[in-house]
Amino acid sequence: MNHLPLLPVVVPLFAAALALFAEHRRFGMVPQRVIAGLSLAVQLGVAICLLRAAADGTVLVYLLGDWPARLGISLMVDRLSAMLVLVSALLAVACLLHAGAGWDRRAPHFHAFFQVQLMGLNGAFLTGDLFNLFVFFEVLLIASYGLMLSGGRGDRMRAGFHYVSVNIAASTLFLMALGLLYGLLGSLNMAEMSARIAQAPTTDLALIQAAAGLLLLVFCTKAALLPMYLWLPQTYAHAPAAVAALFAIMTKVGLYAVLRVGLLLFGASAGALAGFAWDWLLPAGVLTLALASLGVMAAVRLRALAAYLVLVSAATLFIAFSLAREGTIGAGLYYLAHSTFAGASLFLIADLVRRRRGADGDRGDRGLPVPAKTLPGLMFLIAAVSLAGLPPLSGFIGKLLLLMATTGQRWVWAVLLASSFLVLVGMARAGTRLFWRVPDDAVAATPAGNAPPAPARRLETAATVLLLAYGVAMALAAAPILDYTRAAAAQLLAPDAYVEQVRAQSPAMRAP
């Protein structure tokens with residue numbers, strides 16, 4: 001149990017190395033899939049153990065190399081980080097199942113990249129210092145470059161290069177901000193920085209603000225907040241289905257960083273820097289939500305619609321988190337998990353539709369129907385109900401709780417309800433065009449498409465059903481999940497206990 005916080009990072013790292021060894025042609029894909037499956041099973045079990053360990057409010061601290069937290073690398077587990085590690089593992093199970101239907105054969109080093117990206121995601125959620133947040137950002141981004149560009153050409157290569165360029169620029173700014181903060185504060189451990197920012201001399205405040213502004217710019221770029229969101233729709237729309245589904249949690253890493261750094265480093269105890277730039281997040285989130293909702297209305301292809309729905313969820317979460325109340329953050333964390341699973345499922349449904357319709361793909365402006373459309377249509381209906389926030393699924397619960405937590409702020413209600421209406425219209429239009437209103441003469445002209453063999457179809461269907469089942473389970477178990485997310489929100493809004501526990505952690509063998 002003492003080494004449990006390290007396992008979500010170490011297990012996928014070793015699995016990636018083993019997957020590379022197993023890539024020899026004579027072995028085939030079976031060993032790689034077995035390695036990936038075992039790795040995910042271990043990660044899922046570890047994530048559940050971490051969630052149970054953090055549920056009572058304890059902050060688990062792991063000092064790598066047994067160095068003091070202010071000097072070395074530290075991993076920490078609280079309610080929020082444990083929850084996000086579990087969400088990542090659950091999402092990865094469905095994505096790997098879908099990729100096992102055949103995509104992993106066409107993408108060189110797929111399983112190695114997949115495991116490295118999980119390592120980066122888990123590390124970003126668990127790290128206790130900013131420099132290693134940068135390191136894990138780079139790890140997951142490098143893996144995502146490989147997943148995005150493997151086997152790609154044409155539009156996917158162009159979108160991929162834009163994605164790489166934006167993230168390299170953001171990473172450069174991130175490194176500059178870290179250098180400035182380390183020079184001013186003498187530490188990049190977040191708990192230590194929180195204490196030192198509160199005691200910083202007035203002569204350093206302007207430089208700390210400049211560095212914090214760079215950090216906020218970087219995190220908002222990762223989370224695709226206006227105006228740094230332009231890279232996301234094309235990137236997600238052109239990524240392979242299993243990869244795009246895994247990318248559904250990528251924007252949440254940026255949101256997590258904003259929430260963690262904003263409330264820990266610039267919370268109420270930060271003195272003159274308390275609440276730095278926080279007031280700007282709400283209007284930016286509202287504008288992003290408005291434009292993303294219009295993007296849903298304008299989307300012609302189902303994959304593009306799914307990409308804009310990722311933006312809708314990110315903007316909604318910015319609104320929830322920027323209000324900085326226990327109720328809004330708790331509802332936002334519930335909505336975060338819901339939107340990750342529901343958004344990922346829509347990418348898988350879009351891929352199923354695209355391949356069944358042949359040359360017409362997933363375009364909704366053409367009248368040809370989806371062959372054997374009953375099951376895809378039903379899955380789309382469940383995803384649409386959930387993403388639009390209609391009862392009785394998890395999307396409705398998340399948005400209802402967010403509205404209840406913002407009672408008295410009518411304009412927030414107006415924005416959220418208007419966005420939900422536009423999403424509902426966009427989803428209804430897409431479903432009508434693809435699954436319902438089809439000209440009679442179009443049925444006979446429907447192409448055969450390039451649907452995969454029956455075993456592969458069953459795997460893809462199982463992956464999609466699994467993601468939809470997560471949403472149904474969240475609705476059925478809403479009470480305990482919401483109790484947990486509210487407790488996580490309360491822990492975030494009272495960071496003093498976190499800071500004390502991390503700073504008090506002493507090495508087992510070394511003298512502090």
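When segment 117-223 is described by a simple charge dipole with +1 on each Lys and Arg Cβ and -1 on each Asp and Glu Cβ, the residue from T127, V139, L207 located farthest towards its positive end is V139. Rolling a 1.4 Å probe across the protein heavy atoms gives the chain an accessible surface of 39 Å² per residue.
Listed peptides 213-221, 154-162 appear in the order 213-221, 154-162 once ranked by packing, highest mean of other Cβ atoms within 10 Å at the front.
Since only L86, A159, A292 are under comparison, the one whose Cα sits farthest along the positive direction of the charge dipole of the chain, derived from C-beta charges on Lys, Arg, Asp and Glu, is A159.
On the beta carbon distance between R325 and A41, with R0 = 41 Å, the FRET formula returns roughly 0.60.
Taken one residue at a time, the phi angles of segment 404-420 give Karplus couplings (6.51, -1.76, 1.60, θ = phi - 60°) of 5, 6, 10, 4, x, 9, 5, 5, 5, 4, 4, 5, 5, 6, 5, 4, 4 Hz. Gly and Pro are set to x.
Under 5 Å between amide H atoms, partner at least 5 residues away or on a different chain: which partners does D129 have, H built in plane at 1.01 Å? Close amide H contacts, sequence-distant or interchain: S74, M190. For segment 10-128, what log10 I(q)/I(0) values come out of the Debye formula at q = 0.13, 0.14 1/Å, with one point per alpha carbon and no solvent? For segment 10-128 at q = 0.13, 0.14 Å⁻¹, log10 I(q)/I(0) is -0.55, -0.62. For the peptides 305-316, 373-384, 81-92, residues were scored by their other Cβ atoms within 10 Å and the scores averaged per peptide; the highest-first order is 305-316, 81-92, 373-384. Ignoring any ligand, DNA or RNA, what whole percent of the accessible area of segment 1-58 comes from carbon and sulfur when the probe is 1.4 angstrom? C and S atoms contribute 71 percent here.
Direction-averaged projected area, Cα convex hull, the chain: 23.0 nm², rounded to one decimal. For the chain, the dipole from Cβ point charges (+1 on Lys and Arg, -1 on Asp and Glu) about the Cα centre works out to 1400 debye, to the nearest 20. Note on W413 and T202: their simple-model spin labels are 4.4 nm apart, each label 7 Å out from Cα toward Cβ. In the chain, helical runs assigned H by DSSP with n ≥ 4 each contribute -39500 (n - 2.57); averaged across all residues and rounded to the nearest 500, the mean residue ellipticity at 222 nm is -23500 deg cm²/dmol. Check the straight Cα-Cα distances from K222 and name the lysines below 18 Å, setting aside those fewer than 8 residues away within the same chain. Reachable lysines: K252. For W413, the solvent-accessible surface with a 1.4 Å probe is about 100 Å², rounded to the nearest 10.
Peptide packing for 405-411, 416-422, 201-207 was compared via the average number of neighbouring C-beta atoms within 10 Å per residue; ordered from the highest value, the list is 416-422, 405-411, 201-207. Distance from the alpha carbon centroid of segment 14-71 to that of segment 209-260 works out to 24 angstrom.
The values are calculated or read from the model by the stated rules, or taken from the named source; none is laboratory data. Please read these numbers as outputs of a predicted model, since none were measured by experiment. For neighbour counting, all protein chains shown are included, and Cβ atoms are generated from backbone atoms with ideal geometry for every residue, glycine included. Calculation scope for accessible area: heavy atoms of the full protein, side chains included, ligands and nucleic acids excluded. Shrake-Rupley method; radii C 1.70, N 1.55, O 1.52, S 1.80 Å.
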